[in-house]
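Enquirer: Please find one structure pasted underneath; my questions will follow.
The values are calculated or read from the model by the stated rules, or taken from the named source; none is laboratory data. What you are looking at is a predicted structure, and each value in this text was computed from that prediction instead of being measured. FYI the Cβ positions are ideal-geometry reconstructions off the backbone, even for glycines, and counts take in every protein chain you see. Accessible surface areas use protein heavy atoms only, side chains included; no ligands, DNA or RNA. Shrake-Rupley method; radii C 1.70, N 1.55, O 1.52, S 1.80 Å.
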Amino acid sequence: MADERKLTERHQQILRATVRRYVATAEPVSSKSLAGNRDFAVSPATIRNAMGWLEQAGLLFQPHTSAGRIPSDWGYRLYVDRLIEPDERLGSQTERFLNQRLDAETGNLEALLHGAAQLLGTLSGYIALVTWPQTPHHTLKHLQLVRLDSGRVMLIVVTDAYETQSVLMGPSRADGADRGPDERELQVLSNFLNHKLRGRSLAAIACLDWSELDREFQQYARLISSILQALRERSHALTSAPIVVRGISEVLRQPEFSQLQQVQTLLHLLEAEPDQLWPLMFELPASEGSEGSEGSERNATVRIGSENPLEPMRSCTLISAHYCQADRPVGSVGLIGPTRMLYESAIALVEAVAGYLSATLNPSDP
């Protein structure tokens, strides 16, 4: 791929025009079709050369040798990051529309979330997703390791909300030992872990680096690794929230979803495995307690095509934005559609709905 810094103003202009024309027509774009654009005071040959450079740079590609060119995932990425601004006018119109159509004063959160998702799907033409507000970030109050008669170990976790979770592990043997840890060893290990972990969030515990353990606990490295995995699973179970999905019938009208197999895998993900989408839609700031990307003008996160880790999403774009309560992200609003998406509008719609939900959940805010 070519260096983005070598992208001239003309290259950017032609990339922008190519993306917009492809989004509008769903047909590969030729230099001849762009030459009719009054914004270009250059010949078709100049446009063709520029499109050739963009193809070599990996921003465009030809689906067939005799066809025009279409944007690559990287082309869309550069377009989103550098060549557009969300449609602020559409965002303002959407917020007014939401206030007119949805009755937030009833206090019915379920109706509010379903209504917001339905309107987002209808306005965008894509699949709309709205997560329920997640439960607060659970911190560890106490854990206990208990040896069972079978030789297995039970992990009992108590959170600050006094929710109790138990996980059966093992049989887990200490490294190099012929037996698993006895009750005394498990008590010592429980005391050690409580000292190290009490008051931390379960999500943070799962990400801790335990490569250097105190010497006396090195022999329990394998068991501690199992404990951390169990805490990671408990954290996901406690923080994930249901997702409201609307607009599937809308997006099926897009030509990218004309193949039955592709539609089936995406529908299976949405209907049978929505928990896999939750971590993609709701990414907390890297440092715990952070308020997000300070100074960032864009609330939305955009995952394009191959940037999505889930196979059914590899030909899709996921746009998501947090909504907040008491200045803390508690849920997320999202759109799933083809990578051939009207990004200016889609980003504005997602941010508008997220902003509306934040305002509704914080009625005392100015």
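Enquirer: Using a 7 Å offset from the Cα along the Cα-to-Cβ direction at both GLN187 and LEU109, what is the distance between the two label points in nm, to one decimal?
Expert: Going by the 7 Å Cα→Cβ label model, 4.2 nm.
Enquirer: At 1.4 Å probe size, with every protein chain present, just tell me what the per residue accessible area of segment 17-69 comes to in Å².
Expert: Per residue, segment 17-69 has 56 Å² of solvent-accessible surface.
Enquirer: For a paramagnetic label modelled at 7 Å from the Cα of GLU27 toward its Cβ, which residues of segment 68-90 fall within the zone defined by backbone nitrogen distances under 18 Å?
Expert: Residues 68-71 qualify, since their backbone N sits under 18 Å from the label point.
Enquirer: While we're here: Percent of accessible area on segment 7-156 owned by carbon and sulfur, 1.4 Å probe? Kindly include the intermediate steps, with their values, before the conclusion.
Expert: On the way: 3580 of 7770 Å².
For segment 7-156, the apolar C and S fraction of the accessible surface comes to 46 percent.
Enquirer: While we're looking at this one, here's another question. Over the residues of segment 7-54, compute the C-alpha Rg and express it relative to 2.2 N^0.38 Å.
Expert: Ratio of Rg to 2.2 N^0.38 Å for segment 7-54: 1.01.
Enquirer: While we're here: In what sequence, highest mean first, do 81-87, 154-160, 128-134 appear when ranked by Cβ atoms within 10 angstrom?
Expert: Packing proxy ranking, top to bottom: 128-134, 154-160, 81-87.
Enquirer: Tell me, what is the percent relative contact order of segment 57-166, built from C-alpha pairs under 8 Å that lie six or more residues apart?
Expert: For segment 57-166, the relative contact order is 11 percent.
Enquirer: Give me, ordered by chain and number, the residues 5 or more places off VAL330 or on other chains with an amide H under 5 Å from its own placed amide H.
Expert: Under 5 Å from the amide H of VAL330: TYR323, CYS324, GLN325.
Enquirer: Show me, for segment 142-158, the HN-Hα J-couplings you get by feeding each phi into the Karplus relation (A = 6.51, B = -1.76, C = 1.60, θ = phi - 60°), rounded to Hz, glycine and proline as x.
Expert: Values, residue by residue: 6, 9, 9, 9, 10, 7, 9, 4, 6, x, 6, 10, 9, 9, 10, 10, 10 Hz.
Enquirer: Sort segment 27-161 into rounded, prolate or oblate with this rule: let a ≥ b ≥ c be the square roots of the eigenvalues of the Cα gyration tensor; rounded if a/c is under 1.5, and if a/c is not under 1.5, prolate when a/b is larger than b/c, oblate otherwise.
Expert: The shape class here is oblate.
Enquirer: Also, I was wondering about something else. Mind checking which lysines have their Cα closer than 26 Å to the Cα of LYS32? Skip sequence neighbours fewer than 8 apart in that chain.
Expert: Partners found: LYS6.
Enquirer: Right, another one. Ranked highest first by the average count of other Cβ atoms within 10 Å around their residues, in what order do 8-20, 24-36 fall?
Expert: Working: 8-20: 18.6, 24-36: 15.5.
The packing order, highest mean first, is 8-20, 24-36.
Enquirer: Each label point is 7 Å from the Cα along the Cα-to-Cβ direction; what then is the distance between the points at SER225 and GLU271, in nm?
Expert: So the label points at SER225 and GLU271 sit 4.0 nm apart.
Enquirer: Quick one: if the Förster radius is 41 Å, what FRET efficiency do ARG198 and ALA359 give, using the C-beta to C-beta distance and rounding to 0.05?
Expert: 0.65
Enquirer: Continuing with this model, one more query. With viscosity set to 0.692 mPa s at 37 °C, what whole-number translational diffusion coefficient in µm²/s follows for segment 1-106 from Stokes-Einstein and a Kirkwood radius over Cα pairs?
Expert: For the chosen part, D equals 213 µm²/s.
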